[in-house]
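What follows is a single structure, written as structure tokens, with notes after it.
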Amino acid sequence: MFERVAAAPADPILGLNEAFAADTRAQKVNLGVGVFMNDEGITPILGTVKEAEKRLLNDETTKSYLGIAGDAEYGRQVQRLLFGADSEVLSNQRARTAQTPGGTGALRVAAEFMVRQLDVTRIHVSNPTWANHGNIFKSTGLEVTAYRYFDNDTMGLDFAGMMEDLEQVPANEAVLLHGCCHNPTGADPSAEQWQQLAELAARKGFFVLFDFAYQGFSRGMDEDAVGLRTFTKAIPELLVANSFSKNFGLYNERVGAMTLVASDRFTADSAFSQVKAIIRANYSNPPAHGAKVVAAILKDDALRAEWIEEVAQMRHHIRQLRDLMVSKLKERGANRDFSFIAEQHGMFSFTGLTGEQVKQLREEYGIYMVGSGRINVAGMSKGNIDAVCDAIVSVL
Ligand code: LMR
């Protein structure tokens, strides 16, 4: 039967890695997939992760199954990080967390829960959004509609357009919001704008799912949670899919979580029992290692402080690259103002380069970026940034 199966198109992000690996040019640069790299072009293992792994190797006594929702300590630490240690969500025990295989696993569990238990039929996502959101939601039967988000003229957030579109969302539909470091544009709402969005959600009553994959990569651990925390004050229920791929550098360990916030702890328990039923029928229970590492770091005050410092270093590195890129493009006489790159948040920048220019950069210079013109700023280094800027200016 297999000969009847049509080949699937390459993934717009991970497919680039395969093309990049096959490219034999020495000067090639991968600005595609969102992975942090240091100035040596390496995606390092964090010092705190190495330390936690040493402790685990020493102390671990069993490889028996975790529960369906994963490690309980991990769940507690995730909630503390998302909502803050003194949050009313924690003291009133209104949240339940399932450890999931990555943020993608969390989104898939959240989507199935919305479809099966909340009778949601449509989700509204930003235009543009992460290339995989549509795949995940559509595979659970959700219809996917886009709301205005990015203004191609100002290269920033189209907040008025976003508010206007969300104003039309009915109460039985869902809205996906990026917690911070919007993927792919790097354009985030301000604290005041989050407040307005939360008030709109409260008034309209639509269901809200947060995708929170870059906590700590914009301003800081608590600062980046302002959107989510504003929403938990304004509306009684929501879901959060979060990932530790980037801020713990645990990409291949697949560490994420799906957190359900309910109006009270009894509702949280019964709703969460259905989340567990969905997980059991999918991957049964999550893999342990990455989540044990995260929990070991977050529960130890000294390791936690060290980790926050490691994330700050990654954040500063990316910020420096943003500033450097803007000044280098200017120095080279780029016929366009790229100062917006320094204003954007997180790993990604939406450069405004066309599909044709992206293709030319790949074919002529071995510089790989997503077809939409998204670059992973952290894929550059002091060693290749000049070549990248030369190439960009030459295709403008
Ligand atoms: C990205 O957007 O590059 C990352 O989230 C990695 C991925 O899985 O696409």
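The values are calculated or read from the model by the stated rules, or taken from the named source; none is laboratory data. Keep in mind it's a predicted model, so treat the numbers as computed, not measured. All Cβ positions, glycine included, derive from the backbone under ideal geometry; neighbour counts span all protein chains shown. These accessible areas exclude ligands, DNA and RNA; they are computed on the full protein's heavy atoms, side chains included. Shrake-Rupley method; radii C 1.70, N 1.55, O 1.52, S 1.80 Å.
Some notes on this structure:
- Taking all protein chains together and a 1.4 Å probe, the residues 332, 229, 76, 148 rank 76, 148, 332, 229 from largest to smallest accessible area.
- Around residue 124: net Lys/Arg minus Asp/Glu count, Cβ-Cβ under 10 Å: -2
- Here the calculated FRET efficiency for residue 264 and residue 35, from their Cβ-Cβ distance with R0 = 41 Å, stands at 0.55, rounded to the nearest 0.05.
- Here the accessible area is traced with a 1.4 Å probe on the protein chains. For region 64-171, carbon and sulfur cover 46 percent of it.
- Angle between the chain longest axis and helix 47-59 axis [Cα atoms, degrees, rounded to 10]: 40 degrees
- Paramagnetic reach from residue 152 (point 7 Å along Cα→Cβ, amide N under 19 Å) across region 330-352: 335-341, 349-352
- Burial order of peptide ranges 376-387, 55-66 (average beta-carbon count within 10 Å, highest first): 376-387, 55-66
- Residue 345 accessible area, 1.4 Å probe, all protein chains in place, Å² to nearest 10: 30 Å²
- DSSP finds beta bridges in the chain, and of those with both partners inside it, around 50 percent are antiparallel.
- Taking every C-alpha pair closer than 8 Å and separated by at least 6 residues, the mean separation divided by the residue count of the chain gives a relative contact order of 26 percent.
- Considering only beta bridges that DSSP places wholly inside region 65-299, some 45 percent are antiparallel.
- Length available on full extension from residue 252 to residue 343: 0.36 nm per residue minus the Cα-Cα distance, which gives 29.8 nm.
- Cross-link reach is defined here as a Cα-Cα straight distance under 24 Å, omitting same-chain residues fewer than 8 places apart; for residue 28 the lysines meeting it are 246, 328, 330, 359, 382.
- Once the Cα-Cα distance is subtracted from the 0.36 nm per residue extended length, the residue 11 to residue 171 segment shows a gain of 54.3 nm.
- Taking 0.36 nm per residue of separation and subtracting the Cα-Cα distance, full extension of the segment from residue 276 to residue 316 would add 10.5 nm.
- Most mobile of 216, 161, 256 in a GNM of the chain (Cα contacts under 10 Å): 161
- Counting only residues at least eight positions apart within a chain, or on another chain, the lysines with an alpha carbon under 21 Å from that of residue 204 are 233.
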